[in-house]
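Engineer: Quick one: the structure is below, questions incoming.
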There are 2 protein chains.
Amino acid sequence: MDRLIEAIEDKQNPSVVGLDPTEALVPKQVVASFAEEIAKQVEDPTEAPAAQLSVAFFEFNRAIIDAVADIVPAVKPQIAMYEALGPAGIDAYSMTCEYAKQQGLYVLGDVKRGDIGSTAAAYAHHLSGVNAGEHAFDPWHEDAVTVNPYLGTDGITPFVEAATGADKDIFVLVRTSNPSSSELQELELASGERVYEHVADLVEGWGAETIGANGYSRVGAVVGATHPEEGKALRARMPHTFFLVPGYGAQGGTAQGVAGMFDKDGMGALVNSSRGIIGAWKKSGKYSESMSADDALDLVAESAREAAKDMRDNLRAVLP
Amino acid sequence: MDRLIEAIEDKQNPSVVGLDPTEALVPKQVVASFAEEIAKQVEDPTEAPAAQLSVAFFEFNRAIIDAVADIVPAVKPQIAMYEALGPAGIDAYSMTCEYAKQQGLYVLGDVKRGDIGSTAAAYAHHLSGVNAGEHAFDPWHEDAVTVNPYLGTDGITPFVEAATGADKDIFVLVRTSNPSSSELQELELASGERVYEHVADLVEGWGAETIGANGYSRVGAVVGATHPEEGKALRARMPHTFFLVPGYGAQGGTAQGVAGMFDKDGMGALVNSSRGIIGAWKKSGKYSESMSADDALDLVAESAREAAKDMRDNLRAVLP
C-alpha cells in the first residue's frame, strides 16, 4: 500500500474520485457530439447508442481527470457502469484507467471480482497483466482492485500473489455502504462476533505477509462511510489494513463520520466520492442545454475540481 | 427458469459445458494459426499475444459448441478466463455467448457480479441489454448470470427485475465448490444455522415472486458438487430454487454425489463440467504436436462430444 500512501501524502488528501459515469451524469450535448463519428463506425445501427455513450464516458472522465489530477491521489472507476454498455464500455473503462495512470494517479479498479482459486487466478491478471518479460502487456492499467470475500482464502490468494508481484494492492469487501449490507455482514455468529468482524480478521491475516514500509499490508478493506461506529472499531481491530471508504456524500457519509476510520497519524483510509464530484456540475446552477459540448465539459471539469477541493478540505479539517 | 427447464427436457440432459479456456487447454497449433493475422491487426506488438489467444479461445469454443449443441442444453462461459486477456478477451467472451445462443443453447454467463443497488443496476444490463424498443441492443447475449450475495437484497433486486423483464434468470452463490468456501459459508450463526443456510433462505425469498410454470423461480442457487450432503439438505430447504452445480469431474464431484440435488422428478439442478469436457482432448491419447490446427480442433471437438455424452449418461443413470 506504500505507493498509495505516498500519493496521499504528496497531495495531503486522503480522498479518491469515483469515476462512475451514467447517462444521466454526462451532459447531453457531450453525448450528442459523438453521434456522427459513431454512426460511421458501427456496423449495426443498434450498436450506436452504446458505442456513442462509451466514447462520451471516456471524454467525460478525461475532463474530470485533468481537472482533479493535481488535487487527489487516486481515481476509482466502477467497472459496472462501463460493463452496462457491453464490450464497447469495457474499452472505455480500460482507456480511462490508462489515461488516469498517465496523469500520475493511482488507479483503483472497483471490480469486486471473486471466484474459486483457479478462476481467481484468471481475474488476478487485472493486476499482473498478460505475458511477462519484454512482451509484458497490462491491458487493465489498474494499481489495485476490489475483491469479494465470499469464497474464502483460495479465492483471495491469487490476487495477493499478483499484487505482490506487481507492487499493487487489493481491497476486500468487509462492511459495505449499502442498506442491505446488514443482512449478511451483520449476522451474529455463534462465537459472538458479527460476520463482517470475522471477515475483518481474515483480511488482516491475508495481508500479514505483505506489510510495507508504512505499516499497512497490500490487502485493504472496504468499509462504508455509512457505518462510522463500526468503522472506528474496525480501525482498531485491523491495524495493518488500509481502508477504502465508499459512501461519502451522496450516500450519506460525512467527514465527521469517517474521521474514526483513520489512524492516529491521519493515515489508513481513502475516502471515495463519486456522484458528489462527477455530478457536481448539475448543482452548479451554471448549466444550460444550449451550451456547446466543450463548454459543458468545461463546466463538468470546473465543478468537479471545486467539489474535490471541498472534500479534501472537509477531510483535512477532521484529521489530526 | 422455464426456458432452461424446457431445454433440459428437450435434451434429456441436466448438464452444462463450462467454456473456461486457458492457454494450456487450447492446442498450441490452434493459437499459432492466428499469428500472422493478428500481427497485421495490432498497433503495438505487446498486444499481440493476448489478441491472438482471444481469437484462439473463440475458435476453440466454436468447435466445442458445434460438437455439443445437440447433446447439452446449455453452456457456461466463465468470464474470468477472458478478462484475463483484457478487453480483447471480453470481445471473445461476448462472441462466444452470441455464437452459443445462435446454436440454440441457453447461455449462462458465469460472471459472479455483486455490488450495491445502483451499481448492481448497471451490472444487470448483462441481462436487460442497452436501450429498449426498436433500438434494443444486447451486447452480452446471456440467458442468465451468476451473482454474489455478500451485499444483500439491494444488490440482488436489480438483477431479479432485469431477469423478469427479459425472461432470463440468475444464480446466486450459496455454497461454492472450492475448499476455502467453508471459511465464511459454513460459519455457525447464533441462531444455530450456518451462513450458507441463511443465504439459502434469502435466495428462496428473492425468487418468491418469480415462480414459473415448472415450480422454479428465476433466482437459482450455486451449490457445489463437492458438498453432496449439504446439497441434498438444500434441495429440501429450497423447493423453488433451481441449482447450478459446479465442481463435477476435475474438482471431485461425482454423479452419485449430485443425485441428491435433483428433485423427485429428476429436475431442479444443472451440473457443470468444464475441464472434463473442454480438456478431454488432452486425455484422448490421439493428440500430436505435429497435427494441423484443423485436425487439432477436430480432436478437441470429438473428445468434447464423447465426454459430454459420457457425463449425460452418468447423470441419467443416477436420476429417476
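The values are calculated or read from the model by the stated rules, or taken from the named source; none is laboratory data. Computed from a prediction, not measured in an experiment: that's the story for all the values here. Here the Cβ positions follow ideal geometry from the backbone for every residue, glycine too, while neighbour counts run over all protein chains shown. These accessible areas exclude ligands, DNA and RNA; they are computed on the full protein's heavy atoms, side chains included. Shrake-Rupley method; radii C 1.70, N 1.55, O 1.52, S 1.80 Å.
Engineer: If one takes the accessible area of chain A alone plus chain B alone and subtracts that of the pair, with a 1.4 Å probe, what total in Å², rounded to the nearest 100, results?
Structural biologist: On the way: alone 14020 and 14000 Å², together 22710 Å².
Roughly 5300 Å².
Engineer: Next question. Which of the three applies to region B:185-254, rounded, prolate or oblate, going by the alpha-carbon gyration tensor with a ≥ b ≥ c and a/c under 1.5 meaning rounded? Could you put the intermediate results ahead of the total?
Structural biologist: Numbers: a/c = 2.40, a/b = 1.14, b/c = 2.11.
Verdict is oblate for region B:185-254.
Engineer: Right, next: Give me the 1.4 Å probe accessible area per residue for region A:157-279, excluding ligands and nucleic acids, in Å².
Structural biologist: On the way: 4170 Å² over 123 residues.
Value returned for region A:157-279: 34 Å² of accessible area per residue.
Engineer: Further question on the same structure: Kindly express, to the nearest 10 degrees and within the range 0 to 90, the angle between helix A:153-166's C-alpha long axis and the longest C-alpha principal axis of chain A.
Structural biologist: 70
Engineer: Can you tell me the length gained on complete extension of the stretch B:ARG316 to B:ASP2, counting 0.36 nm per residue apart and subtracting the Cα distance?
Structural biologist: 111.0 nm
Engineer: How much of the accessible area of the protein assembly as shown, probe 1.4 Å, is carbon plus sulfur, in whole percent? Could the numbers behind the result be given before it?
Structural biologist: Details: 11110 of 22710 Å².
That share works out to 49 percent.
Engineer: Which one, A:HIS227, A:VAL17, A:ALA162, is farthest towards the positive end of the dipole of chain A when Lys and Arg carry +1 and Asp and Glu -1 on their Cβ?
Structural biologist: A:HIS227
Engineer: Positive end of the charge dipole of region A:2-318 (Lys, Arg +1 and Asp, Glu -1 on Cβ, about the Cα centre): tell me which of A:TYR196, A:ASN61, A:VAL111 has its Cα farthest that way.
Structural biologist: Towards the positive end, the residue furthest out is A:TYR196.
Engineer: Over the whole of A:264-277, what's the average partner chain Cβ count within 10 Å per residue? Rounded to a whole number, please. Spell out each step's value before the answer.
Structural biologist: Numbers: counts 0, 0, 0, 0, 0, 0, 0, 0, 0, 0, 2, 1, 0, 0.
What the average comes to for A:264-277 is 0.
Engineer: In addition: Within 10 Å of each Cβ in peptide B:71-84, how many partner chain Cβ atoms are there on average? Round it to a whole number, please. List each step's numbers first, then the result.
Structural biologist: Numbers: counts 0, 0, 0, 0, 0, 0, 0, 6, 6, 13, 6, 1, 10, 12.
Average neighbour count from other chains, rounded to a whole number: 4.
Engineer: Then there is this: Give me the distance between the Cα centres of region A:230-308 and region A:208-228, rounded to whole Å.
Structural biologist: 19
Engineer: Quick one: which bits of region B:118-139 get at least 20 Å² less accessible when the partner protein chains are in, versus the chain alone, with a 1.4 Å probe?
Structural biologist: For region B:118-139, once contacts with the other chains are taken into account, B:SER118, B:THR119, B:ALA122, B:TYR123, B:HIS125, B:VAL130, B:ASN131, B:HIS135, B:PHE137, B:PRO139 lose 20 Å² or more.
Engineer: Any residues in region B:146-174 that have 10 Å² or more less accessible area with all protein chains than in their chain alone, probe 1.4 Å, and which are they?
Structural biologist: In region B:146-174, residues shielded by partner chains: B:ASN148, B:PRO149, B:TYR150, B:LEU151, B:GLY152, B:THR153, B:ASP154, B:LEU173.
Engineer: Give the residue from B:VAL300, B:HIS125, B:SER33 lying farthest towards the positive end of the charge dipole for region B:2-318; charges sit on Cβ (+1 for Lys and Arg, -1 for Asp and Glu) and the dipole is referred to the Cα centre.
Structural biologist: The listed residue farthest towards the positive side: B:VAL300.
Engineer: Given A:LYS11/A:LYS76; A:LYS40/B:LYS168; A:LYS76/B:LYS168; B:LYS76/B:LYS101, which pairs have Cα atoms separated by over 21 Å? Spell out each step's value before the answer.
Structural biologist: On the way: A:LYS11/A:LYS76 16 Å; A:LYS40/B:LYS168 33 Å; A:LYS76/B:LYS168 31 Å; B:LYS76/B:LYS101 11 Å.
Flagged as over cut-off: A:LYS40/B:LYS168; A:LYS76/B:LYS168.
Engineer: A:ASP298 versus A:GLU36, label points 7 Å from Cα toward the beta carbon: distance in nm?
Structural biologist: Between A:ASP298 and A:GLU36, the simple spin-label model gives 2.1 nm.
Engineer: Where a ≥ b ≥ c are the square roots of the eigenvalues of the C-alpha gyration tensor, would you call region A:192-309 rounded, which needs a/c under 1.5, or, failing that, prolate if a/b is larger than b/c, or oblate?
Structural biologist: On the way: a/c = 3.12, a/b = 2.42, b/c = 1.29.
Verdict is prolate for region A:192-309.
Engineer: Could you give the angle, 0 to 90 degrees to the nearest 10, between helix A:2-11's Cα long axis and the longest principal axis of the Cα atoms of chain A?
Structural biologist: 60
Engineer: While we're on this one: Can you compute the charge dipole magnitude of chain B about its Cα centre, using +1 on each Lys and Arg Cβ and -1 on each Asp and Glu Cβ, nothing else charged? Give it in debye, rounded to the nearest 20. Could you put the intermediate results ahead of the total?
Structural biologist: On the way: 25 positive and 47 negative charges, 174 e Å.
Here the size comes out at about 840 debye.
Engineer: Give me the net charge for the shell around B:LYS76: Cβ to Cβ below 11 angstrom, other residues only, Lys and Arg +1, Asp and Glu -1.
Structural biologist: Numbers: positive: none; negative: B:ASP20, B:ASP110, B:GLU142, B:ASP143.
With Lys, Arg at +1 and Asp, Glu at -1, the net is -4.
Engineer: Report, to the nearest 10°, how far helix A:48-68 tilts away from the longest principal axis of the Cα atoms in chain A, using its own Cα long axis and a range of 0 to 90°.
Structural biologist: 70
Engineer: In addition: Tally Lys and Arg at +1 and Asp and Glu at -1 over the other residues with C-beta under 15 Å from the C-beta of A:GLY114: what net charge comes out? Show your work: numbers first, answer last.
Structural biologist: Values: positive: A:LYS112, A:ARG113, B:LYS112, B:ARG113, B:ARG175; negative: A:ASP110, A:ASP115, A:ASP154, B:GLU83, B:ASP110, B:ASP115, B:GLU183.
Net charge around A:GLY114: -2.
Engineer: Right, next: Roughly how many debye, to the nearest 20, is the charge dipole of the protein assembly as shown about its Cα centre, given +1 on each Lys and Arg Cβ, -1 on each Asp and Glu Cβ, and no other charges?
Structural biologist: Working: 50 positive and 94 negative charges, 216 e Å.
Computed charge dipole of the protein assembly as shown: roughly 1040 debye.
Engineer: Go ahead and estimate [θ] at 222 nm for chain A from helices alone: -39,500 (n - 2.57) per DSSP H run with n ≥ 4, summed, over the residue count, rounded to 500. Could you put the intermediate results ahead of the total?
Structural biologist: Details: 15 runs with 150 residues, N = 320.
So the calculated ellipticity at 222 nm is -14000 deg cm²/dmol.
Engineer: Here is a follow-up. Residue by residue through A:42-49, how many Cβ atoms from other chains fall within 10 Å of the Cβ on average?
Structural biologist: Values: counts 0, 0, 1, 2, 9, 5, 3, 4.
The mean count of partner-chain Cβ atoms within 10 Å per residue comes to 3.
Engineer: Using the Cα centre as the reference, give the magnitude of the dipole from point charges on the C-beta atoms of region A:158-286 (Lys, Arg: +1; Asp, Glu: -1; all else neutral), rounded to the nearest 20 debye. Don't skip to the end; give the middle numbers.
Structural biologist: Values: 12 positive and 15 negative charges, 177 e Å.
So the magnitude is around 840 debye.
Engineer: Ranking request for peptides A:82-88, A:231-237: highest mean number of other beta-carbon atoms within 10 Å first, then the rest in descending order. Kindly include the intermediate steps, with their values, before the conclusion.
Structural biologist: Values: A:82-88: 25.1, A:231-237: 17.9.
Going by the mean number of other Cβ atoms within 10 Å, highest first, we get A:82-88, A:231-237.
Engineer: Could I ask something else about it? Which of rounded, prolate or oblate describes region B:86-136 when judged by the alpha-carbon gyration tensor and an a/c cut-off of 1.5? Before the final figure, lay out each step's value.
Structural biologist: Working: a/c = 1.77, a/b = 1.27, b/c = 1.39.
In terms of gyration-tensor shape, oblate.
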